[in-house]
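Working notes, beginning with the structure itself.
Computed from the coordinates by the stated procedures, all read-outs in this text should not be read as laboratory data. As the structure is a prediction and not an experimental result, all values here were calculated from the model. Here the Cβ positions follow ideal geometry from the backbone for every residue, glycine too, while neighbour counts run over all protein chains shown.
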């Protein structure tokens with residue numbers, strides 16, 4: 001029999017009414033080490049343990065960790081880290097905690113909401129984001145937005161691969177001499193385009209070339225003032 005006199009399986013209706021949205025942590029019962037950070041309301045915090053028991057064939061690092069704790073004869077410790085929050089506040093606190101604790105310790109499969117906008121970053125990255133220096137050039141370039149895949153600790157090799165990518169492009173690409181790697185309108189890197197490689201998919205191309213060392217001073221500048229930088233298309237041209 002599982003032994004944990006402090007374990008409860010649900011909140012009372014009065015508790016639910018009072019606490020609103022909350023941020024919680026699941027941790028190992030004999031340690032102060034969280035393995036999952038989440039945000040929720042009502043009885044969300046208890047759903048993970050219920051799912052681990054009810055759906056033994058559902059596999060994830062989080063559920064497997066819970067099952068391992070249950071098999072040891074205990075329960076995951078549950079902490080309500082902060083409550084009486086709005087949903088937006090809960091999202092931001094959840095994201096901040098995931099950043100600080102570190103995803104390498106946690107079983108969270110995704111980074112928190114607002115991570116890319118206001119999450120953990122170096123002082124330099126904060127300054128790059130808000131200093132507002134406008135990128136201007138007369139050189140022919142192609143802007144490549146990698147908003148969905150970029151993250152602040154991305155290694156240089158991965159940034160290059162994400163940027164060179166596999167893009168649907170026409171012959172206009174041949175006019176571009178440089179490629180801008182962009183995330184949320186901020187220049188993350190600039191590459192010299194030596195040549196274009198045909199990707200396996202129809203009409204898709206990838207560039208190849210080194211970092212443009214003579215243009216690195218523009219890293220951190222913004223292109224948001226450029227009209228053709230707007231919109232959903234991940235590609236736009238400058239002076240081409």
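Seen against the Cα atoms of the chain and their longest principal axis, helix 61-71 is set at about 20 degrees. Looking only at 199, 179, 77, which one moves most when the chain is put into a Gaussian network model with springs between Cα atoms under 10 Å? Judging by the Gaussian network model, the answer is 199. Once Cα extents along the principal axes in Å is calculated for the structure shown, the corresponding label among (i) 50, 43, 28; (ii) 71, 38, 27; (iii) 67, 46, 37 turns out to be (ii).
On full extension, the segment bounded by residue 87 and residue 184 gains 32.5 nm, given 0.36 nm per residue less the C-alpha separation. Restricting attention to region 125-238, close to 75% of DSSP beta bridges with both partner residues there are antiparallel. On the basis of the beta-carbon distance and an R0 of 35 Å, residue 228 and residue 157 show a calculated FRET efficiency of 0.75. If a/c stays under 1.5 just call it rounded; otherwise compare a/b with b/c (prolate if a/b is bigger, oblate if not). Do that for region 149-240, with a ≥ b ≥ c from the square roots of the Cα gyration tensor eigenvalues. Cα axes put region 149-240 in the rounded bin.
Principal-axis analysis of the Cα atoms of the chain puts helix 87-101 at an angle of about 80° to the longest axis. Take every pair of alpha-carbon atoms less than 8 Å apart whose residues are at least six positions apart; their mean separation over the length of region 125-238 yields a relative contact order of 34 percent. Based on DSSP H segments of at least four residues, each scored -39500 (n - 2.57), the chain has a per-residue ellipticity at 222 nm of -7500 deg cm²/dmol.
Each of 36, 195 has some number of other Cβ atoms within 10 Å of its Cβ, and from fewest to most they run 195, 36.
Relative contact order for region 185-226: 51 percent, from Cα pairs under 8 Å spaced at least 6 residues apart, divided by residue count. Summarising the strand pairing of the chain, around 80 percent of its internal DSSP beta bridges are antiparallel. Against the main long axis of the alpha-carbon atoms of the chain, helix 44-54 sits at an angle near 80°. With R₀ fixed at 25 Å, the C-beta to C-beta distance from residue 168 to residue 214 puts the FRET efficiency at about 0.25.
Note on the chain: GNM, Cα springs under 10 Å; of 184, 11, 91, the largest mean-square fluctuation is that of 11. Contact order for the chain, expressed relative to its length and based on alpha carbon pairs under 8 Å spaced 6+ residues apart, stands at 17 percent.
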